[in-house]
Amino acid sequence: MRSRWDGRLGRLILAGGLLGFLSAPAAGASLSVTELLEHGEQYHQQPVSVVGEAAEVATQIGPRNRPFYTFVLKDRQGSVTVIMQGKPELSNGDAVMVHGVFIKSRKAGRTTITDRIEATVVRQLHDTKEPFVG
């Protein structure tokens, strides 16, 4: 049985995801992983679009049996963890663009989360012909 809270939370998540998608920078405005990490304090809790290579893709089951996945987004000089709701439509080694909110550092219970993107969009870059420069 769904509570009123479940419905509200779902609408908030959907609205937040749409707002994040609509505010995504135009093509060409994406950051590299290295740029994001070099200026992490500036981007903390801000929407970012970052390009890199996916590695360590892992599917997990969250609360209420909802799937989510994590992966490492990397370039030649750095890496960040990405978390996204749903099932992955990418594989290790894929070139991807990630849009979401960057977390430089945040306490989560006894754990400290660092250098993570809570993604609203993960898109494969199929036509990438040159390696990423980082």
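The values are calculated or read from the model by the stated rules, or taken from the named source; none is laboratory data. If you're wondering where the values come from, they're calculated on a predicted model, not measured in any experiment. Every residue, glycine among them, receives a Cβ derived from its backbone with ideal geometry; neighbour counts consider all protein chains shown. Protein only, heavy atoms only, side chains kept; ligands, DNA and RNA dropped before computing areas. Shrake-Rupley method; radii C 1.70, N 1.55, O 1.52, S 1.80 Å.
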Exercise. Evaluate the charge dipole of the range 33-134 about its Cα centre and quote only its size in Debye, nearest 20, assuming +1 on the Cβ of each Lys and Arg and -1 on the Cβ of each Asp and Glu.
Key: 600
Self-check item: Heavy-atom accessible area order for Arg64, Arg110, largest first, 1.4 Å probe
Solution: Arg110, Arg64
Practice problem: Mind ranking Lys104, Lys74 by accessible surface for me, highest first, 1.4 Å probe? | Solution: Lys74, Lys104
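Determine the order of His99, His39 by accessible area, beginning with the largest, at a probe radius of 1.4 Å. Working shown, then result.
Values: His99 5, His39 90 Å².
Solvent-accessible surface, decreasing: His39, His99.
Rounded to the nearest 5, what % of DSSP beta bridges with both residues in the range 30-107 are antiparallel?
On the way: 21 of 23 bridges.
Rounded to the nearest five, the antiparallel share is 90 percent.
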